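In what follows, a structure is listed as structure tokens, so that the remarks can point back to it.
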Amino acid sequence: MLSCLSAAEYKRLDPHLERVLLKFGQTIYHSKAEIDYVYFPENGVLSIVGLTGSDKPIEVGLVGSEGFAGLPLFLGVPRSANEVIVQGEGTAQRITAKAALAEFARGGSFQNAVLLFAHELFLQVSRVTSCNRHHEAEQRLSRWLLTMRDRVEDDTLPLKQEFLSWMLGLRNQAIGRAALVLQRTGSIKYSRGSVKIINRITLEQRACPCYRLMKSRNDGWPEQVKSRRVSRLS
């Protein structure tokens, strides 16, 4: 997302940016905790996790290099309603809440990028919610694996069955059955603790339409930010 900023804006933000490691399973924000930093993933993936009444987590959104974590801050809410955890290891640039809000208040492409990403994230959350309600386990698992693959750019994903059941809101048995079906079709290789994508084309055929809809929006999002920046300058 930071690559969408103008040179002047990035230069202004650069002294405030700090590169940090993202470790698998690390909690970036706890639910109801104050947002001290805004995180911009470079090559890692962050999972936005909601808690149900039984305190069982379920994933409602994924954030990669196209976006950031800490959106409530720009909506006047200083605390995170959801947990945000590292789903894919990598690095991120982070900036203090104070510095991020100061740049947002200046307007420009940083503000544009924040607002556009807010819109895209809301669409993603609504799509994932609908997907979890209406689509079969095999379709949902395929969609999730492809979405992760697009962000980590690695065919091998370190994933445990229990973790996947939390993220997709499915029982362990349902995850296991869906993974075995995908393995029999040659889409993935499933073993304890990891999933390797073998045939992306087959996996896309197994995924629900939600994946293609979300991918098309995600692929076009950076251009929306850049076009907004150009229109403001013209």
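See the values below:
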quantity: Wholly within region 3-87, strands (runs of 3 or more DSSP E) carrying at least 2 residues that are aromatic (Phe, Trp, Tyr); calculated: 37-41
quantity: Options 113, 92; residue that is small (Gly, Ala, Ser), out of contact with any helix residue (DSSP H, G or I) (no Cβ under 8 Å at 6 or more places or on another chain), surrounded by 19 or more Cβ atoms within 10 Å (Cβ to Cβ) and within 30 Å of residue 13 (Cβ to Cβ); calculated: 92
quantity: Output for region 106-135, where each listed residue is touching a residue at least 12 places away in the same chain (Cβ under 8 Å) and within 17 Å of residue 170 (Cβ to Cβ); calculated: 128, 129, 130, 131, 132, 135
quantity: Residue check, residue 162 at pLDDT below 80, under 20 Å from the mean Cα position of the chain (by Cα), more than 21 Å from residue 66 (Cβ to Cβ) and not aliphatic (A, V, I, L, M); calculated: yes
quantity: Number of the exception - residue 45 against (1) farther than 21 Å from residue 159 by Cα; (2) under 13 Å from the mean Cα position of the chain (by Cα); (3) not charged (D, E, K, R); calculated: (1)
quantity: Pick from region 138-175, criterion in contact with a Phe, Trp or Tyr (Cβ under 8 Å, 6 or more places away or on another chain) and touching a residue at least 40 places away in the same chain (Cβ under 8 Å), ranking: surrounded by the fewest Cβ atoms within 10 Å (Cβ to Cβ); calculated: 158
quantity: First in region 4-17 and under 15 Å from residue 92 (Cβ atoms) and in the same structural domain as residue 39 (by TED's automatic domain parsing), second anywhere and among the basic types (Lys, Arg) and modelled with pLDDT of 90 or more, Cβ under 6 Å, 6 or more apart; calculated: none
quantity: Any hit, region 50-70, residues being within 11 Å of the chain's Cα centre (by Cα) and among the hydroxyl-bearing types (Ser, Thr, Tyr); calculated: yes
quantity: Residue within region 93-115 that is closer than 22 Å to residue 167 by Cβ and not assigned by TED's automatic domain parsing to the domain that holds residue 169 present; calculated: no
quantity: Residue among 120, 153 that alone is at positive phi, of a type in the set (D, E, K, R) and outside the structural domain of residue 46 (by TED's automatic domain parsing); calculated: 153
quantity: Counted residues, region 64-84 - those being modelled with pLDDT of 95 or more and under 19 Å from residue 152 (Cβ atoms); calculated: 3
quantity: Residues satisfying the stated conditions in region 176-203, i.e. in contact (Cβ under 8 Å) with a residue 12 or more places away in the chain, in a helix (DSSP H, G or I) and within 18 Å of residue 156 (Cβ to Cβ); calculated: 179, 182, 200, 202, 203
quantity: Residue pairs meeting the criteria (Cβ under 6 Å; at least 6 apart or on separate chains; first in the same structural domain as residue 28 (by TED's automatic domain parsing) and more than 11 Å from residue 93 (Cα to Cα), in region 38-49; second polar (S, T, N, Q) and buried (at least 24 other Cβ atoms within 10 Å of the Cβ)); calculated: 45/87; 47/87
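The values are calculated or read from the model by the stated rules, or taken from the named source; none is laboratory data. As the structure is a prediction and not an experimental result, all values here were calculated from the model. Here Cβ is always computed from backbone atoms with ideal geometry, including for glycine, and neighbour counts include all displayed protein chains.
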